[in-house]
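Q: One structure follows; several queries about it will come next.
The values are calculated or read from the model by the stated rules, or taken from the named source; none is laboratory data. What you are looking at is a predicted structure, and each value in this text was computed from that prediction instead of being measured. Glycine gets a Cβ as well: all are built from the backbone with ideal geometry, and neighbour counts include every protein chain shown.
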Amino acid sequence: MTARIVTANGLRDGEVLYLARDGRWSRDLAEAEPAESAEAEAALMAIAEGAMRCRTVVEAYAMALAVEDGTPRPLSQRERIRAAGPTVGTDIAIERGR
Amino acid sequence: MYRYDEFDSALVNERVAQFRGQVARRLSGYLDEDRFKPLRLMNGVYLQLHAYMLRVAIPYGTLDSRQMRRLARIARVYDRGYGHFTTRQNVQYNWPKLAEVPDILAELAEVEMHAIQTSGNCIRNVTADHFAGAAADEVEDPRIHAEVIRQWSTLHPEFSFLPRKFKIAVTGAARDRAAINVHDIGLQMLRNEAGEPGFRVVVGGGLGRTPIVGPTIREFLPKAELLSYLEAVLRVYNRLGRRDNPFKARIKILVASVGGDAFAAMVEEEWQALRGGSLDLPEEEVARIAAYFAPPPFGALPAQDTEFEAMRFEDRDFARWCRTNLHPHKQQGYAILSISLKPVGGVPGDATAEQMEAVADLAERYGLDEIRVSHEQNLVLPHIRLRDVHAVWQGLVAAGLGAANIGLVSDIISCPGLDYCNLANARSIPVAQRIATRFADLDRQHDIGELKLKISGCINACGYHHVGHIGILGVDKKGSEFYQITLGGSAGEDASLGEIVGPAFSYDDVVDAVETLVETYVGLRETGERFLDAYRRLGSAPFKEALYAGH
């Protein structure tokens with residue numbers, strides 16, 4: 001099954017966020033509220049527009065994902081990396097060293 | 001090194017205060033994102049794939065130990081413990097919080113640094129030969145003129161909203177270590193027949209989706225007239241450059257559309273109206289700036305150092321490192337020392353806070369307190385006494401900075417790619433890491449010899465792939481990462497653009513393809529022939545054959 005969800009970045013700290021079921025913004029992709037129709041997507045984007053006006057998030061947009069066995073997986077490599085973090089990096093090496 | 005005067009300090013501190021106010025207004029709702037975005041970009045703050053990114057200017061790539069320690073402190077306190085040195089001699093932090101950026105800028109201002117004009121359609125950080133002031137082959141220290149250009153271009157009201165960004169590079173020598181032929185303006189210092197120093201002016205070079213090696217529009221520009229001539233170039237561009245399409249807005253498109261000669265004629269005409277005016281710098285002002293770049297107090301040393309020679313004889317690892325990472329210095333008894341930020345398995349251009357501090361300590365103790373950032377994403381200690389080279393090397397090895405691979409196949413330029421960048425189509429860093437790992441055997445790398453491999457994760461070409469001996473461009477093919485290979489590019493004085501060798505390779509196959517290319521070269525080279533020279537002699541046919549014959 002494919003669906004669309006809404007994502008954005010936190011205004012203060014820039015972190016990647018997903019619009020969750022109860023209108024909350026979650027760092028966890030799995031908590032994102034899926035839209036399976038254009039109307040549902042528009043409703044999610046309306047919530048996101050409000051959150052941008054309230055300065056919770058910036059640059060909100062809708063993206064596609066597939067749900068396989070209940071696990072959401074973004075369709076694009078860009079969104080997979082955005083959800084999981086860099087696949088490589090000095091930040092990861094530093095984290096491991098700690 | 002240049003030191004801020006009262007005007008520089010006032011300007012940078014005012015800018016910090018101004019941006020602090022802008023961030024506060026954004027967070028409290030007085031500014032919306034549409035109004036705030038251009039303001040944050042003017043201060044080097046981007047929103048990237050995972051977080052904000054702050055780009056800090058390192059004018060002409062020159063730093064002292066105090067500044068490097070401050071970069072380390074910022075990495076540790078405000079970011080995730082590291083920084084990324086870029087192909088434009090800047091440093092980028094990948095994880096700053098917007099609310100803390102004003103504090104970061106205030107910390108930078110304390111050590112005479114800033115993020116002004118590291119983004120936006122203005123004249124960006126002026127880059128220069130990273131061996132400036134130390135190279136045996138230079139006419140003059142190019143940083144004197146890079147600093148003159150910095151002062152002229154900083155907050156220049158007429159050039160703050162150009163059709164598109166504008167990048168200037170300066171080299172002091174015939175040997176081009178600053179890639180001047182692929183910049184909006186490239187300046188090469190040379191002497192005319194009377195022996196007077198001046199510039200050859202290249203305009204309209206660039207990479208990105210329309211790569212062009214820029215034409216020379218003036219063979220010799222007297223030093224004193226540098227700014228009036230640059231102002232004339234910028235005026236013509238500002239007036240005629242396209243503003244309707246960002247992909248056609250760089251000066252290279254304008255120059256290519258009218259032709260180099262016609263563009264030169266337009267500049268000449270504009271210049272006649274500007275010459276002899278207030279932009280001609282008085283001798284004493286140039287002398288004042290030049291004094292900041294006066295040679296440091298070099299000692300009178302013999303050309304050879306017996307201790308250095310003995311260590312090179314005794315220690316094979318040290319000798320191997322010296323072969324690639326040491327360069328001739330203009331001052332007898334000294335060497336220029338390159339610090340590779342390309343350890344096998346590392347991220348090209350990244351340095352941890354601890355590594356930055358180690359470099360700062362070594363520069364302070366042994367290197368007359370000077371550090372450089374190269375456009376090839378490495379660091380340089382430009383003034384090391386031969387007798388201290390071994391001690392510095394040991395310090396570098398202890399800090400994990402001892403890679404002996406400058407100019408070799410694992411000394412890869414790589415953009416951040418899809419792991420960090422909002423614009424990328426494919427990952428760059430893991431491809432660089434896998435190639436470096438494949439060629440990890442240093443004996444093999446030394447046998448292969450000079451080979452400049454450059455990777456970009458999208459057509460914007462931040463990884464300079466068009467001018468790599470081997471260039472790799474990441475593309476998105478129906479949601480999968482593929483890599484197009486170009487051969488025969490060069491960023492040097494013999495600049496050329498690489499040619500696409502054939503269909504792109506998958507993420508899994510691209511490393512094998514690179515190895516096939518290298519093995520083909522090794523099989524066909526003549527004694528002492530570099531990869532680039534072999535490619536230019538042989539053409540693409542044997543490489544195509546090796547890559548695609550079985551397909």
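Q: Of the residues B:R200, B:R218, only one is within 23 Å of the chain's Cα centre (by Cα) and assigned by TED's automatic domain parsing to the domain that holds B:H145; which?
A: On the way: B:R218 fails: within 23 Å of the chain's Cα centre (by Cα).
One residue alone meets the criteria, B:R200.
Q: Okay, next question. For the subset of region B:32-45 comprising residues that are surrounded by 19 or more Cβ atoms within 10 Å (Cβ to Cβ) and within 13 Å of another protein chain (Cβ to nearest Cβ), which member is farthest from A:M52 (Cα to Cα)? Even if it seems obvious, please write down each step before you answer.
A: The first filter runs over region B:32-45 and keeps only residues surrounded by 19 or more Cβ atoms within 10 Å (Cβ to Cβ), leaving B:36, B:40, B:42-45.
Filter again for within 13 Å of another protein chain (Cβ to nearest Cβ), leaving B:36, B:40, B:45.
Values: B:F36: 13, B:R40: 17, B:V45: 19 Å.
For region B:32-45, the residue satisfying everything is B:V45.
Q: Is it the case that region B:451-472 has a residue that's within 14 Å of chain A (Cβ to nearest Cβ) and closer than 19 Å to B:K342 by Cβ?
A: Checking region B:451-472: at least one residue is within 14 Å of chain A (Cβ to nearest Cβ) and closer than 19 Å to B:K342 by Cβ.
Q: Now for a separate question. Which one is nearest to the other protein chains (Cβ to nearest Cβ), of the residues in region B:68-82 that are within 13 Å of B:I371 (Cβ to Cβ) and in contact with an Asp or Glu (Cβ under 7 Å, 6 or more places away or on another chain)? Before the answer, list the steps.
A: Our first condition is that a residue be within 13 Å of B:I371 (Cβ to Cβ); within region B:68-82, this holds for B:68-72.
Filter again for in contact with an Asp or Glu (Cβ under 7 Å, 6 or more places away or on another chain), leaving B:69-70, B:72.
Numbers: B:R69: 18, B:R70: 19, B:A72: 13 Å.
Looking at the filtered set, the residue picked out is B:A72.
Q: Return yes or no: is B:G120 part of a loop (DSSP other than H, G, I, E, B), modelled with pLDDT under 95 and not β-branched (V, I, T)?
A: Numbers: part of a loop (DSSP other than H, G, I, E, B): yes; modelled with pLDDT under 95: yes; not β-branched (V, I, T): yes.
When the stated conditions are applied, B:G120 passes them.
Q: Another question about this same structure. Exactly one of these conditions fails for B:Y507: (1) over 29 Å from B:H183 (Cβ atoms); (2) more than 14 Å from every other protein chain (Cβ to nearest Cβ). Give me its number.
A: The failed condition is (2).
Q: In addition: Test each condition in (1) crowded, with 21+ Cβ neighbours inside 10 Å; (2) within 14 Å of another protein chain (Cβ to nearest Cβ); (3) more than 27 Å from B:I212 (Cβ to Cβ); (4) out of contact with any Lys or Arg (no Cβ under 9 Å at 6 or more places or on another chain) for B:Y93 and report the one that comes out false.
A: Unmet for B:Y93, out of (1) crowded, with 21+ Cβ neighbours inside 10 Å; (2) within 14 Å of another protein chain (Cβ to nearest Cβ); (3) more than 27 Å from B:I212 (Cβ to Cβ); (4) out of contact with any Lys or Arg (no Cβ under 9 Å at 6 or more places or on another chain): (4).
Q: Could you tell me which numbered condition B:Q188 fails, if it satisfies all but one of (1) outside any helix (DSSP H, G or I); (2) within 30 Å of B:K37 (Cα to Cα)?
A: Only one criterion in (1) outside any helix (DSSP H, G or I); (2) within 30 Å of B:K37 (Cα to Cα) is unmet by B:Q188, namely (2).
Q: I've got another one for you. Just to verify a result, which residue in region B:123-135, among those that are in contact with a Gly (Cβ under 7 Å, 6 or more places away or on another chain) and outside any strand (DSSP E or B), is surrounded by the most Cβ atoms within 10 Å (Cβ to Cβ)?
A: Applying the filter and picking the extreme gives B:D129.
Q: Looking at A:V88, A:V16, A:V6, A:V58, can you tell me which residue is closer than 24 Å to B:K97 by Cα and modelled with pLDDT under 95? Break it down into steps so the answer makes sense when it comes.
A: Values: A:V16 fails: modelled with pLDDT under 95; A:V6 fails: modelled with pLDDT under 95; A:V58 fails: modelled with pLDDT under 95.
After applying the criteria, what remains is A:V88.
Q: Further question: Can you go through B:E285, B:E231 and tell me which one is farther than 30 Å from B:G498 by Cα and surrounded by fewer than 17 Cβ atoms within 10 Å (Cβ to Cβ)?
A: Numbers: B:E231 fails: surrounded by fewer than 17 Cβ atoms within 10 Å (Cβ to Cβ).
Just one listed residue meets the conditions, B:E285.
Q: Just one of B:E307, B:E285, B:E268 is in contact (Cβ under 8 Å) with a residue 40 or more places away in the chain, among the acidic types (D, E) and in contact with a helix residue (DSSP H, G or I) (Cβ under 9 Å, 6 or more places away or on another chain); which is it?
A: On the way: B:E285 fails: in contact (Cβ under 8 Å) with a residue 40 or more places away in the chain; B:E268 fails: in contact (Cβ under 8 Å) with a residue 40 or more places away in the chain.
The match here is B:E307.
Q: Tell me, which strands (runs of 3 or more DSSP E) lie completely within chain A with 2 or more residues that are surrounded by 13 or more Cβ atoms within 10 Å (Cβ to Cβ) and away from chain B (no Cβ under 12 Å)?
A: On the way: elements: A:2-10, A:16-19, A:57-68, A:71-74.
Result: A:2-10, A:16-19, A:57-68.
Q: Okay, next question. Would you be able to say whether some residue in region B:203-218 is farther than 23 Å from B:S490 by Cα and among the aliphatic types (A, V, I, L, M)?
A: Residues of region B:203-218 that are farther than 23 Å from B:S490 by Cα, as a first pass: none.
No, the conditions are met nowhere in region B:203-218.
Q: Search region B:325-354 for residues being without any contact (Cβ under 8 Å) to a residue 60 or more places away in the chain and closer than 15 Å to B:R372 by Cα, and hand back the single one that is nearest to the other protein chains (Cβ to nearest Cβ).
A: B:L337
Here's the yes/no breakdown for (1) hydrophobic (A, V, I, L, M, F, W, C); (2) out of contact with any strand residue (DSSP E or B) (no Cβ under 8 Å at 6 or more places or on another chain); (3) within 30 Å of B:Y30 (Cα to Cα):
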{"site": "A:E59", "(1), (2), (3)": "no, no, yes"}
{"site": "A:A62", "(1), (2), (3)": "yes, no, yes"}
{"site": "A:L75", "(1), (2), (3)": "yes, no, no"}
{"site": "A:D91", "(1), (2), (3)": "no, no, no"}
{"site": "A:I94", "(1), (2), (3)": "yes, no, no"}
